[in-house]
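Computed from the coordinates by the stated procedures, all read-outs in this text should not be read as laboratory data. Note that the structure is a prediction, hence the values are computed from the model and not measured. Counting neighbours? That spans all protein chains shown, and the Cβs are built from the backbone with ideal geometry, glycine included.
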Amino acid sequence: MSGHIPEGRAWVETFLAFPENEGTSIPRAKALVALGYLAFRQGDTAAAKPALDEALAQANALGDKVTAADALVSLGRVALREENLDRVYQVAQQAKKLYTEAGDRNQLSLPTHLMAEATRMRGRYPEAAKLYRESLQLATEQGNRKVIAVENSNLAAVAIHDRNWEEANRFNRESLRVCWELKNSYLLPYEFMVAGEIAAGRGDYSRAAKLLGAADSLFKSTGAAIDPADKNGFDAALADTKKNHDPKKFDADWAEGSALPVEKAVALALEK
C-alpha cells in the first residue's frame, strides 16, 4: 500500500459505478473487498460493512473461497474497531478454513493476526504474543515482508506493555528496517509511534513528542485511522508525554516532529 488511501478508494468506487460492473461477478466481489478494506483504513465502518457483506455474499455465490476469506478478514478488522471481539474470532476461524480449503497459504497469517489483535485487546498479552509469533512464522515461510514488518511491530507493542524497552526497541527497529526498504508509507507511522512510546516509557519526552508528532502527521497525510489495537498505546504515550514535558517544549517538539520529512523521521526513530 502506497499510503494514498482516499485516492485508492475513489478509484475503486469509480470502477464499481460503471454499469458493466453491476450484478454478480468475481471482479465486483474483489473490488467490494478493496472498498471495504480502504473504508476500514479510513475509520469509515459505516461504508466498510455493507461493501464487505456484499462481497462475501457474491464470493460465496460464485464459489470463490479466497475472495470470501478476504472479505471475512476485513469484516474481522471492522469487528476489532467495533470491539466486537467474539465476532473477530468467529470470522477469523471461518477465513482460516476457507484459505486452507483453497490451498492458499499466502494469506494464512491474516486470520491468525486477527485473533492475536483481539487477544491483545482483551489484555491477554502472553497469548497475543504467541499468536503474533505464529503469524510471523507463517509470513516468514511465505516471504511476506509486509506481514513480517507488521508482526515485529506488534511484538514490540507487547514488549512495551511488559516494559521491556530493549526487546521493544529490537522488534521495532526490525519492523522499521523492513518498512523503509518497502517504502510502505502506510506502515511507517506505526514504527514512529512505537518508537515514541518507547521513548515515553524511558522518560525521554522530547524524543517522544517528536516521534509521536511524526506519526500523527503521516497518519493524517495518508488518510489512515490508527488500528484499534494500537490506538490506546498511542493515546497513553501522548498523555504521558504531555503530562511530564514542559508545555512550550512539547509544542515545539511536536511541531518539529510533525514537519520532519519521512527519511529524517526514520533516522530519528533509528537513533536509539
Whole-Hz ³J(HN,Hα) from phi, Karplus 6.51 cos²θ - 1.76 cosθ + 1.60, for the stretch 29-36, glycine and proline x: 4, 5, 5, 5, 4, 4, 4, x
Qualifying lysines (Cα of each under 19 Å from Cα of LYS243; at least 8 residues distant if same chain): LYS210, LYS231
Above-threshold pairs, the threshold being 32 Å between Cα atoms, out of LYS130/LYS183; LYS96/LYS272; LYS97/LYS146: LYS96/LYS272
Filtered GluC sites (Glu not before Pro), the stretch 12-51: DSSP coil and at most 10 other beta carbons within 10 Å: GLU22
Computed E for ASN164/GLU141 - FRET, C-beta separation, R0 35 angstrom, nearest 0.05: 0.85
Among 149-161, 170-182, the order from most to least packed when residues are scored by Cβ within 10 Å on average: 149-161, 170-182
Charge sum, other residues only, whose C-beta stays under 12 Å from ASN152's C-beta, Lys/Arg counted +1 and Asp/Glu -1: +2
√(5λ) per eigenvalue of the Cα gyration tensor, the stretch 177-272, largest first, Å: 20, 14, 12
The chain - Rg over Rh from alpha carbon coordinates, Kirkwood radius: 0.99
Cβ-Cβ FRET estimate between GLU83 and GLU20, R0 fixed at 35 Å, reported to 0.05: 0.35
³J(HN,Hα), Karplus 6.51/-1.76/1.60, whole Hz, each residue of the stretch 224-238, x for Gly, Pro: 9, 8, 4, 4, x, 6, 9, 4, 5, x, 4, 4, 5, 5, 5
For the stretch 131-137, 3J(HN,Hα) per residue [Karplus equation, 6.51 cos²θ - 1.76 cosθ + 1.60, θ = phi - 60°, Hz, x = Gly/Pro]: 5, 4, 5, 5, 4, 4, 5
Per DSSP, loop GluC sites (Glu not before Pro) in the stretch 49-107 with at most 15 further Cβ within 10 Å: GLU82, GLU83
